[in-house]
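Contents: one structure, followed by commentary.
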2 protein chains.
Amino acid sequence: MTDFKATKAMFELPEGILYLDGNSLGPLPKAVDARLHQTATQEWGQMLITGWNKAGWMGLPTGLGDRIGRLIGAEEGSVVVGDTLSIKVYQAVASALELNPNRKVVLSDNGNFPSDLYMADGLLRSLGAEYELRVVAPEEVAENITEEIAVLMLTEVDYRTGRMHDMKALTELAHANGVVTVWDLAHSAGAIPVDLAGCNADFAVGCTYKYLNGGPGAPAFIYVAPRLSDRVRPALSGWLGHEAPFAFDLDYRPGSGIERMRVGTPPVLQMAALSAAMDVWDMAEMADVRAKSIELTELFIAKVEATCPGLILASTRDPAQRGSQVSFHFAEGYAAMQALIARGVIGDFRAPDIMRFGFTPLYVDENDVEQAAEILADIITNNLWDQPEYKIRQRVT
Amino acid sequence: MTDFKATKAMFELPEGILYLDGNSLGPLPKAVDARLHQTATQEWGQMLITGWNKAGWMGLPTGLGDRIGRLIGAEEGSVVVGDTLSIKVYQAVASALELNPNRKVVLSDNGNFPSDLYMADGLLRSLGAEYELRVVAPEEVAENITEEIAVLMLTEVDYRTGRMHDMKALTELAHANGVVTVWDLAHSAGAIPVDLAGCNADFAVGCTYKYLNGGPGAPAFIYVAPRLSDRVRPALSGWLGHEAPFAFDLDYRPGSGIERMRVGTPPVLQMAALSAAMDVWDMAEMADVRAKSIELTELFIAKVEATCPGLILASTRDPAQRGSQVSFHFAEGYAAMQALIARGVIGDFRAPDIMRFGFTPLYVDENDVEQAAEILADIITNNLWDQPEYKIRQRVT
């Protein structure tokens, strides 16, 4: 059994804050500060260039990949960390297309995270007018999986509502139609049990700054099924994916297996932070996290529905079909979220009217959920959101 | 006048080490440790998701871009930091090709860094068989700039020998032939004065972990000439390059100017370290750095040629045509470099036979250069490299 009191104690959680936004940016694991200090002063500072070997920096992308792999049902040696999620989406879709050279359509849905659609769109535009990004409603995905489709690109858990696609069933349907699959696990990794190997997935990508708590701008990861990885000619063929990077050959020869999905020099400081964050995950079992997450989300839904008139559940009601977040439609959701944040309850807002709350058992408990629901009820029932300062939308860039 | 004693004091330099490899990985600026501590504990730890606004994380890529821009003659607002250099090469070449849609050839040279060639090759393969990466010898570049060429992709300073291309002349010749230019400044930024605006350059890219001292895996940068940036449809069209990332539109609309070259979530911890490293550059004038660099490289060449029989200068002899490094051919260069490193002089080896030494006036002085040359002379004249342990090539991956 996972000891959630112990895992909670491993995070730095500011006084007076109820943090329900770990699905956007996880909080600081306490061990990160010392790990960064060590990496900067003992490794970079003392070892200088020799840190690539002596401190094992060069092995961080695959070492961290395996630690993440354990949480998503990936085979040993099938995950590598690097770049951003947008880049990894591009790399996965481009590489998947090469495995299906006679087809020209990438199928996705309008619940996908926009950057995935932007990256695929940019890729397909560059490949030529015969390529098409076909975007359908989430519930229409299955019926659109045909022998015309080259690649199915889906985010398993909807970033706004938490609605889950059935990875196993859709992958099976895709394979029956000769379609290669790319799964985005941004809201899955560390949120719900994922079984890539059991689902026979082809490619998967995800980020590490949400449920995995790797820190702002933590690198992404990519999974390639071992049965495919030696057949893939990677798009974004960078030198660290080369068979012999330090031979400095003029011609590219892909490295072995997942190594070939590496591109450039890995961000060692971010990886040091991620490594400390993964130490917390060593104390957790994904099945326990999922069970606790369902308890917390069910509790929050029940409380909010009982006390917050006007908030309409946007998430799937069946917890088995829902990720580790709960969202509500509320016309004044932007202002209500600002009012909540002013009271120390941090969730986030997603246009046009979604109030979104993430539930992360590693550091959020029942008591937090009850308190957050009470503050939300106060704000809603007393119209406390109805103040000018809460309605001014801040430019984030 | 730049006070190089003062800049040297801003670095953590291990006792007993003479570091002539800052062209591979710059050493640790002393301020980095505290900056990382602050970013982790005060920003990420206390502000959590609100750090994107409150701590200014979202503005780091362009803020750092401008600070680097000052060193490379870029206009304000024309440089943005992010991703790795390999990714930025891909983005620049792909975007440049779109500006020249009727031409299919990318011209480069065999002195370019291999990853640039790999990335361009991967891009062109994906675009179709009519595209070609044409790689000629460095001295044949000019005669190969014709109206057939779409994009000229060159690294200004050769990573092995330090030989410099004439950016101004080649850019002029390129433009006279309707060719778009992409300059890789990996061994230029912080090494030699660069005048992108004055050279009328189109695209440029570079890394920040060499002469800029941003740390292992520090992010790359990309420059787009202001006259082009609003015309470029960026390849790698990620959400943070969108006009309104947080509107979560399904369709991509490029952001204004250089903002559109952003892709995914920026690596905040790496950028915090880079920011501390750029504080050192605030104390330096590029012209002083260049003058001192020439003194140091001339001194080293003179000493080595006088005392190290068998070492043949691989770098250009004319300092005006040479970056901030000096390389020698030596058949037993690998073993000799290992022997040097064992004696505390850190340079590096580049296949097949190049011993490479970087000279970085911010923290390397005449005394260091003289000591390093004496140790090298001892190793060469007494055949101290001729020991089995120096000849075993370590696998770096």
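Does region B:64-103 hold any residues that are within 14 Å of another protein chain (Cβ to nearest Cβ), in contact (Cβ under 8 Å) with a residue 60 or more places away in the chain and surrounded by fewer than 19 Cβ atoms within 10 Å (Cβ to Cβ), and which are they? Of everything in region B:64-103, those that are within 14 Å of another protein chain (Cβ to nearest Cβ), in contact (Cβ under 8 Å) with a residue 60 or more places away in the chain and surrounded by fewer than 19 Cβ atoms within 10 Å (Cβ to Cβ) turn out to be B:Gly77, B:Glu98, B:Leu99, B:Asn100.
Considering each residue of region A:287-294 in turn, at least one proves to be touching a residue at least 12 places away in the same chain (Cβ under 8 Å), touching a Phe, Trp or Tyr at 6+ places or on another chain (Cβ under 6 Å), assigned to a helix (DSSP H, G or I) and not assigned by TED's automatic domain parsing to the domain that holds A:Met167.
A count restricted to region B:66-84 and to residues that are of a type outside the set (A, V, I, L, M, F, W, C) and either within 18 Å of B:Leu269 (Cβ to Cβ) or part of a strand (DSSP E or B) (or both) stands at 4. Of the numbered criteria (1) surrounded by 16 or more Cβ atoms within 10 Å (Cβ to Cβ); (2) under 14 Å from B:Leu25 (Cα atoms); (3) free of Cβ contacts under 8 Å to residues at least 12 places away in the same chain, the one A:Glu43 fails is (3).
Residue count for region B:206-252 satisfying the condition of being in contact (Cβ under 8 Å) with a residue 60 or more places away in the chain and away from every other protein chain (no Cβ under 11 Å): 13.
Taken together, the residues in region B:1-57 that are more than 7 Å from every other protein chain (Cβ to nearest Cβ), closer than 25 Å to A:Val32 by Cβ and over 24 Å from the mean Cα position of the chain (by Cα) amount to 10.
Of the numbered criteria (1) over 19 Å from the mean Cα position of the chain (by Cα); (2) without any contact (Cβ under 8 Å) to a residue 24 or more places away in the chain, the one B:Leu299 fails is (2). Checking each residue in region B:161-205 for being surrounded by fewer than 24 Cβ atoms within 10 Å (Cβ to Cβ), touching a residue at least 60 places away in the same chain (Cβ under 8 Å) and at positive phi picks out only B:Gly178. Checking the condition under 25 Å from the mean Cα position of the chain (by Cα) and without any contact (Cβ under 8 Å) to a residue 40 or more places away in the chain, which residue from A:Pro352, A:Pro361 passes? Selected residue: A:Pro352, the only one of A:Pro352, A:Pro361 that is under 25 Å from the mean Cα position of the chain (by Cα) and without any contact (Cβ under 8 Å) to a residue 40 or more places away in the chain. Would you check if there is a residue in region B:303-310 being buried (at least 19 other Cβ atoms within 10 Å of the Cβ), at pLDDT 95 or above and among the polar types (S, T, N, Q)? No, because not a single residue in region B:303-310 is buried (at least 19 other Cβ atoms within 10 Å of the Cβ), at pLDDT 95 or above and among the polar types (S, T, N, Q).
A:Ala272 passes every criterion in (1) within 11 Å of chain B (Cβ to nearest Cβ); (2) closer than 28 Å to A:Gly215 by Cβ; (3) touching a Gly at 6+ places or on another chain (Cβ under 7 Å) apart from (3).
Of note, A:Thr360 satisfies the criterion of being modelled with pLDDT of 95 or more, in a loop (DSSP other than H, G, I, E, B) and either in the same structural domain as A:Ser237 (by TED's automatic domain parsing) or over 30 Å from B:Asp116 (Cα atoms) (or both).
Right, A:Ser327: away from chain B (no Cβ under 14 Å), among the hydroxyl-bearing types (Ser, Thr, Tyr) and not in a helix (DSSP H, G or I) or not?
Numbers: away from chain B (no Cβ under 14 Å): no; among the hydroxyl-bearing types (Ser, Thr, Tyr): yes; not in a helix (DSSP H, G or I): yes.
Judged against the criteria, A:Ser327 is not a match.
The values are calculated or read from the model by the stated rules, or taken from the named source; none is laboratory data. Not measured: the values here are computed from a predicted model. All Cβ positions, glycine included, derive from the backbone under ideal geometry; neighbour counts span all protein chains shown.
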